[in-house]
1. Name the residue farthest towards the positive end of the dipole of region 140-209 from the options 175, 150, 162, assuming +1 on Cβ of Lys and Arg, -1 on Cβ of Asp and Glu, about the Cα centre.
2. Only one of the values (1) 27.6; (2) 23.1; (3) 26.6 was calculated from this structure for Kirkwood radius over Cα pairs in Å; name its label.
3. Students sometimes get this wrong: rank 215, 1, 140 by accessible area, probe 1.4 Å, all chains present, largest first.
4. For helix 195-208, report the angle its Cα long axis makes with the longest principal axis of the Cα atoms of the chain; keep it between 0 and 90° and round to the nearest 10°.
5. So if a site counts as exposed when it's one of the trypsin sites (Lys or Arg not before Pro), its DSSP state isn't H, G, I, E or B, and it has at most 14 other Cβ atoms within 10 Å, what's the longest stretch of the chain without one?
6. Using only Cα atoms, tell me the angle between helix 238-249 and the longest principal axis of the chain; keep it within 0 to 90° and round to the nearest 10.
7. Quick one: length gained pulling residue 338 to residue 22 fully straight, 0.36 nm per residue minus the C-alpha distance?
8. Pop out the ³J(HN,Hα) list for region 135-143 in order, Karplus 6.51 cos²θ - 1.76 cosθ + 1.60 with θ = phi - 60°, rounded to Hz; leave Gly and Pro as x.
Amino acid sequence: MHTWYEQAVFYHIYPLGLLGAEKTNTLTETAHRLTELESWIPHISDLNGSAIYIGPLFESCTHGYDTKDFRLVDRRLGSNEDFARFVRLCHENGIRVVVDGVFNHTGREFFAFQDIREKREASPYKDWYRGVNFGWGSPMGDSFGYEAWQGHYELPCLNLQNPAVREYLMDTVKFWIDTFHIDGLRLDCANILDFAFMKELRSRTASMKEDFWLMGEVIHGEYGRWVNGEMLHSVTNYELHKALYSGHNDHNYFEIAHNVKRLESVGRALYTFTDNHDEDRIASKLREPDHLFPVYQLLFTLPGIPSVYYGSEWGIQGARTRESDEALRPALSLKDMEQKTGPITDHIAALARIHRDNPELHDGTYKELLLTNRQYAFGRLGENTMILSAVNNDSQPAVLSIPVPFPASQAINLLDAEAPSIPVENGRLSVTLPPSGGAIFKLREA
């Protein structure tokens, strides 16, 4: 029996951006913008999305990762009741909800940090942060020093080895589950989080809610260190993200295929994406716009849990500058964007439906079938069935003869229901792939 997350298609929302919230939180009243987000639920359903990763969500001063209050939805977005209603509506539409757990650091407005500023050595919270030292002052004018995330002193690092801090965060997660009925967490900066903390989080959340999913933000490293039965269910597959765009820009499918093989032991569990709130839009990264079609086909048919970042289903562009990530996190009006629905939107919806309806794409064994710089075909093998995915990054059609390691006589085209099935002859499938395109076939045992 599959868990919900093993077969999920995610839709990723950065809510402060999407909803056009103020850059700095100076509001005295709550802005109920989350009600606007309710209209996006049918759109996500139309895309065949089955889960949302939304965050950061909780009260902060600026970009959302400088948390001020872990138990209060950011007033620029709405109230706790607004978010609980949003999750309820998602659940009624068969969509799970995962939120950001920002546990590596807080903002300076967080109560524990404020207490140290006020009471110094007398504060009961003086051990809540890493490297607190009353012998020097911080660059922010504090009368003490502390460790900060990547030297950003507006983000003091929590001491996750302190049992009181761990207990506070575990209680916070329980509060989120009880109040909002969330289905999982994406752990910010998981690559530097304390391993013992993540192990405790795994065991504690397992008893809080069945099938509660833990996914970590990890860029570099051996993903299997985090993804295992003791710690996290998944991490972000930045390796595949990089290979997807450079493999197309360089006309080098060997890079993608090498990456998939290297990650084979954990690949199916990894969270896969083409872009996110920290990375340039895929439409800005690709040199050839038509490469969006094979890129998304690979996202939805290679091992992994695929995710679409809000707006990219319309092929929008956006690149970060040295000063700002704002171009990656734009305010969008659903009504305006729906007028831009076109071939790439329909392609993503079709791929998400194929992913949803074919269990081979959740747990099928990966097998490389054909590989050149410009063409790539692989199988995802189930018990008595196989999905065959083939892509072409060339500007010309590609005529291929693909070996089929499977006793099938016919291949049904899943991307084109009108197309006749193709015979498998002498253990091979002969297909013509369109320029910058691909095909997905379903084969059954003869």
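1. Checked the options; the winner is 175.
2. Correct label, based on the coordinates given: (2).
3. Numbers: 215 0, 1 230, 140 85 Å².
So the residues, ranked largest to smallest area, are 1, 140, 215.
4. Between the helix axis and the principal axis of the chain, the angle is about 80 degrees.
5. Details: sites that count: 23, 287, 322, 340.
Longest site-free region, per DSSP loop and neighbour criteria: 24-286.
6. Around 50 degrees separate the two axes.
7. On the way: separation 316, 0.36 × 316 = 113.76 nm, distance 2.44 nm.
Length gained between residue 338 and residue 22: 111.3 nm.
8. Residue by residue, region 135-143 yields x, 8, x, 7, x, 8, x, 6, 8 Hz.
The values are calculated or read from the model by the stated rules, or taken from the named source; none is laboratory data. Worth saying up front: this structure is predicted, and the values here are computed from it rather than measured. Reconstructed Cβ throughout: ideal geometry from the backbone, glycine too, with neighbour counts over all protein chains shown. These area figures cover heavy atoms from the full protein model, side chains too; ligands, DNA and RNA do not enter into them. Shrake-Rupley method; radii C 1.70, N 1.55, O 1.52, S 1.80 Å.
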